[in-house]
Amino acid sequence: MPKTKVAPRVETRLHPDDYRYFEHLCHDQGKTKGKLAREAILFYLKQQRNMEVQKQESEVALQVRKIADRICGLLYKLGVDCNAMARFTWEMGDDEEREAFEHCHEKAVKYMRNKMSAAEKKAAEELIQ
């Protein structure tokens, strides 16, 4: 099969001890020097690409963690504000209003539990404990 393209050539120098070991590996593996060198370079390039991908994934994971921390902070603030409003309503009411508040609270809890998936229910239970 005739070659239609000439691939770029890569040349380098090795320490004599490294070159002897390289020749030894070629002989043991039954590969030409060019094939073994090509495999080594391609292996190295693949490792470098993997390291780049891992670095990008690490950066994305850090961004996601920052977003999650922000959301958790906002949820905490929301919980404090809701609790403050509930506490204020409770304190300002008489016995009849407190009973109505408890009834509304129970209905809201049931409503929210029915809207949650199994995973959300489990997460909510873990937060409560």
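Looking at the chain, what % of the alpha carbon pairs are farther apart than 17 Å?
Numbers: 6560 of 8256 pairs.
So the pairs more than 17 Å apart make up 79 percent of the total in the chain.
Using Cα springs under 10 Å in a Gaussian network model of the chain, which residue among Q47, Q63, Q29 shows the largest mean-square fluctuation?
Q29
To the nearest 10 degrees, how steeply does helix 95-115 sit against the main Cα axis of the chain, on a 0 to 90 scale?
It works out to around 30 degrees.
Helix-only estimate, please: 222 nm mean residue ellipticity of the chain, summing -39500 (n - 2.57) across DSSP H runs of length 4 or more and dividing by its residues, to the nearest 500.
On the way: 4 runs with 106 residues, N = 129.
It comes out at -29500 deg cm²/dmol, rounded to the nearest 500.
Charges at C-beta only: +1 for Lys and Arg, -1 for Asp and Glu. How large is the resulting dipole of region 20-92 about its Cα centre, in Debye rounded to 20?
On the way: 13 positive and 9 negative charges, 85 e Å.
Value, rounded to 20: 420 debye.
For region 31-111, build the charge dipole from Cβ charges (+1 Lys, Arg; -1 Asp, Glu) around the Cα centre, then report which of H103, Y76, W90 sits farthest towards its positive end.
So the residue furthest toward the plus end is Y76.
What does the charge dipole of the chain about its Cα centre add up to, to the nearest 20 debye, if the Cβ of each Lys and Arg holds +1 and the Cβ of each Asp and Glu holds -1?
So the dipole magnitude of the chain works out to roughly 1660 debye.
Which three lengths, in whole Å and largest first, does region 13-80 cover when its Cα atoms are put on their principal axes?
Rounded to whole Å, the extents work out to 73, 20, 17 Å.
Per residue of region 65-76, what does 6.51 cos²θ - 1.76 cosθ + 1.60 with θ = phi - 60° give for ³J(HN,Hα)? Whole Hz please, x for Gly and Pro, Karplus curve as stated.
4, 5, 5, 4, 4, 5, 4, 4, x, 5, 5, 4
Given V60, T12, M112, which one lies farthest toward the positive end of the charge dipole of the chain, if we put +1 on the Cβ of every Lys and Arg and -1 on the Cβ of every Asp and Glu?
Among V60, T12, M112, the one farthest towards the positive end of the dipole of the chain is T12.
At R0 = 41 Å, how high is the FRET efficiency between Q129 and E59 if r is their beta carbon distance? Nearest 0.05 is fine. Walk me through the numbers before you get to the answer.
Values: r = 34 Å, r/R0 = 0.83.
For Q129 and E59, the calculated efficiency is 0.75.
Excluding same-chain residues fewer than 8 positions from K46, which lysines have a Cα within less than 22 Å of its Cα?
Answer for K46, where 22 Å is the Cα cut-off: K31, K33, K35, K55, listed by chain and number.
We did not get these values from a lab; they are worked out from the coordinates using the rules stated. Keep in mind the model is a prediction, meaning the values are calculated, not measured. Please note: Cβ atoms are built from the backbone with ideal geometry, for glycine as well, and neighbour counts cover all protein chains shown.
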